[in-house]
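Working notes, beginning with the structure itself.
The values are calculated or read from the model by the stated rules, or taken from the named source; none is laboratory data. A quick note: this is a predicted structure, and the numbers were derived from the prediction, not measured. Note that each Cβ is placed from the backbone with ideal geometry, even for glycine, and that neighbours are counted across all protein chains shown. Just so you know, the surface numbers come from the protein's heavy atoms only, side chains and all, with ligands and any DNA or RNA stripped out. Shrake-Rupley method; radii C 1.70, N 1.55, O 1.52, S 1.80 Å.
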Amino acid sequence: MTTIGVGTQSPEQALAGLTDMTANLRPIEPKEHLERMAKAQAYMLAHNIDAIYLNAGTNLTYFTGMKWHASERMVGAILPAKGSIQYIAPYFEIGSLNAFKVIDGPIHGWQEHENPYRLFVDVLKQLNIADTATIGIDESAQFFIFDGINKAQTGLNIINAKEVTAHCRMHKSDNEIALMQAAMNMTLAVHQATASILYVGITTTEVEAFIKQAHQKVGAPGNYFCIVLFGVATSFPHGVKDPQTLKAGDVVLIDTGCKVHDYISDITRTYVFGESTARQRQFWNAEKAAQQAAFNAAKIGEPCENVDKAARQYLATQGLGPDYQTPGCPHRTGHGIGLDIHEWPYLVGGNKTPLAKGMCFSNEPMLVIPDEFGIRLEDHFYMTDKGPRWFTEPSESIDNPFGL
């Protein structure tokens, strides 16, 4: 049978059916940023970490609310285990940074000819942090920042700040989950609209342009990212260099997302344009069952790796794999999500991190059938006291992917 909901209307009709879905959403407020910093400081005090450096990017945004992109210049903040946040930036950026400041704190400026890493060490001294203190450096900071600090200091014990940042960021608040729920709902609506405009001869480039327009129609600035693949190209998880043109019988894989108040959605749908073959149906059904097996294995207190293991154990019963071999699932079952599209913790073999309330994950044990096609069904779930809960309900079937 022809896939339900695919190729049923024009782009203009599909866009007309979408409306803004962002009403009544509440961005993260200063109170929550202060709570995050307090949680980090409590952890630092308990683990003998004297301060952490937060570089421009999502860690700086998460803790302070300040939005600034990382560049070749040092812009960031020192969060001491005791005391208030201290910002570091070029002098000429201080006026701009003051406008982006959400949580108050002094901005220590350095001139272009001065050494910002020496300033970093001097600020630590002003905070009465000892020369032999333990200092965490943002895990996402460029190497030159670590290298500069390391050369400017004498006696500091420099560690990876991930121990602190991940401890805080992997447990999402109710408001973070609400923002991601909105973003996921928006992207799922975009997926359904996109499926409806497909026709033989449409290019992946044209589909990508529509998805951007559709995300804007539901209230997002546009796509945060977009992968559109047809036919054999679907067997490459993150795409191919050249655009493709849709043919009857092609597997269609679309992976896209948007941002809502900085929080990200990420959903993949795979279906067939036209009538599916027995082989396409076989692997689509195996993918759906593996996704459900992973979800069923997500239990509070159990290690993250168990979720990945459950998907692979099921796939092995279908003659796929074993482990990360193809035909089968060559990458981890899932990733954390929040301000970054991929963040801690990860659903992958060897990750012993216990599942806990507030953790959010993708569930996407993608199947790769080399030189033929790939099947990825990606939805996200978050952990509650009672177990996992879907952000979006999984695709219903290969014949009716959107449950129409």
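Would you kindly identify the strands (runs of 3 or more DSSP E) lying entirely within the stretch 61-136 that contain at least 3 residues that are under 23 Å from Asp262 (Cβ atoms)?
Because the criterion is at least 3 residues that are under 23 Å from Asp262 (Cβ atoms), the strands (runs of 3 or more DSSP E) in the stretch 61-136 that meet it are 76-80, 86-90.
A quick yes/no check of all residues on (1) farther than 23 Å from Ala183 by Cα; (2) modelled with pLDDT of 95 or more; (3) crowded, with 20+ Cβ neighbours inside 10 Å:
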| site | (1), (2), (3) |
| --- | --- |
| Thr2 | yes, no, no |
| Leu34 | yes, yes, no |
| Gly76 | yes, yes, yes |
| Gln111 | yes, yes, no |
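Which pairs have Cβ atoms under 7 Å, sit 6 or more apart or on different chains, and link a residue in the stretch 167-191 that is open to solvent by 20 Å² or more (accessible area, probe 1.4 Å) to one that is part of a helix (DSSP H, G or I) and charged (D, E, K, R)?
The qualifying pairs are Ser173/Glu32.
For (1) open to solvent by 20 Å² or more (accessible area, probe 1.4 Å); (2) of a type outside the set (Asp, Glu), each residue gets a yes or a no:
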| site | (1), (2) |
| --- | --- |
| Thr256 | no, yes |
| Asp266 | no, no |
| Thr270 | no, yes |
| Phe273 | yes, yes |
| Ala278 | yes, yes |
| Gln282 | yes, yes |
| Ala290 | no, yes |
| Ala294 | no, yes |
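Take the stretch 315-344 and flag every residue that is open to solvent by less than 60 Å² (accessible area, probe 1.4 Å) and within 16 Å of Phe295 (Cβ to Cβ).
Answer for the stretch 315-344, where residues must be open to solvent by less than 60 Å² (accessible area, probe 1.4 Å) and within 16 Å of Phe295 (Cβ to Cβ): Leu315, Cys329, Thr333, Gly334, His335, Gly336, Ile337.
Say we look at the stretch 212-244 and pick out the residues that are of a type in the set (Gly, Ala, Ser) and modelled with pLDDT of 95 or more; which of these is most open to solvent (accessible area, probe 1.4 Å)?
Gly219
Among (1) out of contact with any Cys (no Cβ under 7 Å at 6 or more places or on another chain); (2) open to solvent by 50 Å² or more (accessible area, probe 1.4 Å); (3) of a type in the set (D, E, K, R); (4) assigned to a helix (DSSP H, G or I), where does Glu208 come up short?
Glu208 satisfies every listed condition except (1).
Enumerate the strands (runs of 3 or more DSSP E) found wholly within the stretch 338-404, keeping only those where 1 or more residues are closer than 14 Å to Met184 by Cα and touching an Asp or Glu at 6+ places or on another chain (Cβ under 8 Å).
Numbers: elements: 343-347, 360-363, 367-369, 373-375, 379-384, 387-390.
Passing ranges, in order: 360-363, 379-384, 387-390.
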